[in-house]
Amino acid sequence: MIMRVTVKYFNLIKNVTDCTEETICLSNNSNIEDLLNKIIAQYGEGIRNYLIRNNQIRPHLKIYVKNKNIFINDNLDYGLNDKDIVYIMIAPTGG
């Protein structure tokens, strides 16, 4: 079975994807890591640099599923469901 997940991109991430929203098809029982790998495969190194550094998720990256920040505990194995909405953004920094 295939599930469809809506991904909404914000700030610098949307500049790399050149879209604010898209639907991505994943196999059932997929998780956030699977989703990120699919996004990187689609958009290449340009987006990888914003998402991953030294094989780890960048600390300023924020990912929300069902309005919950899922990276509070480095939750890459957070399971996704059909019709979930995932928000991906870079946290604002500076002073």
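Miscellaneous remarks
- Set ASN29, ASN49, ASN81: member being in a helix (DSSP H, G or I) and either surrounded by fewer than 17 Cβ atoms within 10 Å (Cβ to Cβ) or touching a Cys at 6+ places or on another chain (Cβ under 7 Å) (or both): ASN49
- For first residues located in the range 62-81 and over 22 Å from PRO92 (Cβ atoms) and at pLDDT below 90, partners that are polar (S, T, N, Q) and not in a loop (DSSP other than H, G, I, E, B) and lie 6+ apart or on another chain with Cβ distances below 7 Å form the pairs LEU76/ASN31; ASP77/ASN31; TYR78/ASN31.
- When LYS62 is tested against the conditions (1) in a strand (DSSP E or B); (2) under 26 Å from MET1 (Cα atoms); (3) out of contact with any helix residue (DSSP H, G or I) (no Cβ under 9 Å at 6 or more places or on another chain), the lone failure is (2).
- Selection within the range 84-95 - exposed (fewer than 15 other Cβ atoms within 10 Å of the Cβ) and either modelled with pLDDT of 85 or more or out of contact with any strand residue (DSSP E or B) (no Cβ under 7 Å at 6 or more places or on another chain) (or both): ILE85, PRO92, THR93, GLY94, GLY95
- Failed item, numbered, when ILE24 is tested on (1) β-branched (Val, Ile, Thr); (2) closer than 15 Å to ILE90 by Cβ; (3) modelled with pLDDT of 95 or more: (2)
- Considering the range 1-38, the residues that are of a type in the set (A, V, I, L, M) and out of contact with any strand residue (DSSP E or B) (no Cβ under 7 Å at 6 or more places or on another chain) include one that is nearest to PHE71 (Cα to Cα), namely LEU36.
- Qualifying residue in the range 12-20 (condition: modelled with pLDDT of 95 or more, touching a Lys or Arg at 6+ places or on another chain (Cβ under 8 Å) and not in a strand (DSSP E or B)): yes
- Pair list, Cβ < 9 Å and 6+ apart or interchain, from the range 2-26 residues that are in contact (Cβ under 8 Å) with a residue 60 or more places away in the chain and loosely packed, with under 13 Cβ neighbours inside 10 Å to residues that are of a type in the set (Lys, Arg) and not in a strand (DSSP E or B): ARG4/LYS83
- Condition met for TYR43 (under 18 Å from LEU80 (Cα atoms) and of a type in the set (Phe, Trp, Tyr)): no
- Complete set of residues in the range 54-66 that are under 15 Å from VAL16 (Cβ atoms) and more than 12 Å from the chain's Cα centre (by Cα): HIS60
The values are calculated or read from the model by the stated rules, or taken from the named source; none is laboratory data. Every value quoted in this text rests on a predicted model; they were computed, and no experiment measured them. Because the Cβ atoms are built from the backbone with ideal geometry, glycine has one as well, and the counts that use them run over all protein chains shown.
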